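Data block below; observations after.
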């Protein structure tokens with residue numbers, strides 16, 4: 001059997017690959033950015049030196065994005081129940 005172990009904390013390049021999202025997206029979602037929700041010490045952390053890559057907890061990040069997607073879907077469902085016109089429905093579903 002091959003060794004397929006992936007540590008929870010990974011560098012930016014590995015996080016980008018495992019999460020299928022860009023480094024820019026990850027950085028934009030950190031809690032130090034406006035509207036960021038990835039928490040320092042939980043989802044990401046600085047490296048040990050100025051030139052070190054940011055470390056990412058890919059498992060917790062995937063869970064957080066999934067959770068936020070579920071919340072968004074619930075919001076859309078509730079809004080669709082009361083939507084009265086086709087323009088509002090199109091806005092909600094992104095059509």
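Quick note: the coordinates plus some simple rules give every number you see, no bench work behind them. Everything numeric here is computed off the predicted structure, so don't read it as measured data. Heads up, the Cβs are rebuilt from the backbone with ideal geometry, glycines too, and the neighbour counts pull from every protein chain shown.
Worth pointing out:
- Hypothetical label at residue 23: residues of segment 42-66 whose amide nitrogen lies under 18 Å (7 Å Cα-Cβ projection): 44-58
- The alpha-carbon atoms of segment 9-93, seen along their principal axes, cover 55, 23, 19 angstrom, with the largest extent given first.
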